[in-house]
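As structure tokens, the structure follows; a few thoughts come after it.
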Amino acid sequence: MRSARMVSVLMALLFGIVVAGVAVAGEGPDVITLKAKKGDVTFNHHKHQAKFKCGDCHHGPNHSEYKAGMKIETCDKCHNKEFKNKKLNSVMKAMHTNCKGCHKEHKADGAPTKCSGCHKK
């Protein structure tokens, strides 16, 4: 009976380690490259996942909160000429609002804030 309890405890511990490993590793690609006229933007997706919540960048229609397992659409599905908010009616405007704004907040951590810091030709 004691060995069954030990096996249960070890299984629970192993499950916890696996779940924690998945949470740390995150989902999606390690690196993402966004095509841009001023030069492509390549960033370490997993590094961002380690510091921020998925919902800081990803959201659903009407800016609904990100939920685990939610299908992540391309930004231009919503952020396009049809988008009602003119300040966010392009991918560039949405990215500059979210990414550039966040980078300014985290400048002390080494986040680039100048165009050439993210856009590479």
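Taken together, the values in this text are just the output of simple stated rules run on the coordinates, not laboratory data. Since this is a predicted model, take the numbers as computed values, not measurements. All Cβ positions, glycine included, derive from the backbone under ideal geometry; neighbour counts span all protein chains shown.
Any idea how far apart K51 and D30 come out in nm if each label point goes 7 Å out from Cα toward Cβ?
My value for the distance between the label points is 1.9 nm.
Could I have the simple spin-label model distance between N80 and M92, label points 7 Å from Cα toward Cβ, reported in nm to one decimal?
1.8
Considering the options H119, T74, H45, tell which one lies farthest towards the positive end of the dipole of the range 29-120, charges being +1 on Lys and Arg and -1 on Asp and Glu at the Cβ, about the Cα centre.
Towards the positive end, the residue furthest out is H119.
Apply the Karplus parameterisation 6.51 cos²θ - 1.76 cosθ + 1.60, with θ equal to phi minus 60°, to every residue of the range 52-62 and state each ³J(HN,Hα) to the nearest whole Hz, in sequence, with x for glycine and proline.
Rounded to whole hertz, the list is 10, 7, 3, x, 5, 10, 9, 8, x, x, 6.
What ranking of V91, V31 emerges when the number of other C-beta atoms within 10 Å of each C-beta is taken as an exposure proxy, fewest first? All intermediate terms of the calculation are to be shown ahead of the outcome.
Working: V91 18, V31 11.
In order of increasing Cβ crowding within 10 Å: V31, V91.
Name the residue farthest towards the positive end of the dipole of the range 54-117 from the options N62, L88, A108, assuming +1 on Cβ of Lys and Arg, -1 on Cβ of Asp and Glu, about the Cα centre.
Checking the options against the dipole of the range 54-117, the answer is L88.
Using the Cα centre as the reference, give the magnitude of the dipole from point charges on the C-beta atoms of the range 29-120 (Lys, Arg: +1; Asp, Glu: -1; all else neutral), rounded to the nearest 20 debye. Could the numbers behind the result be given before it?
Working: 19 positive and 9 negative charges, 79 e Å.
Result for the range 29-120 is approximately 380 debye, rounded to the nearest 20.
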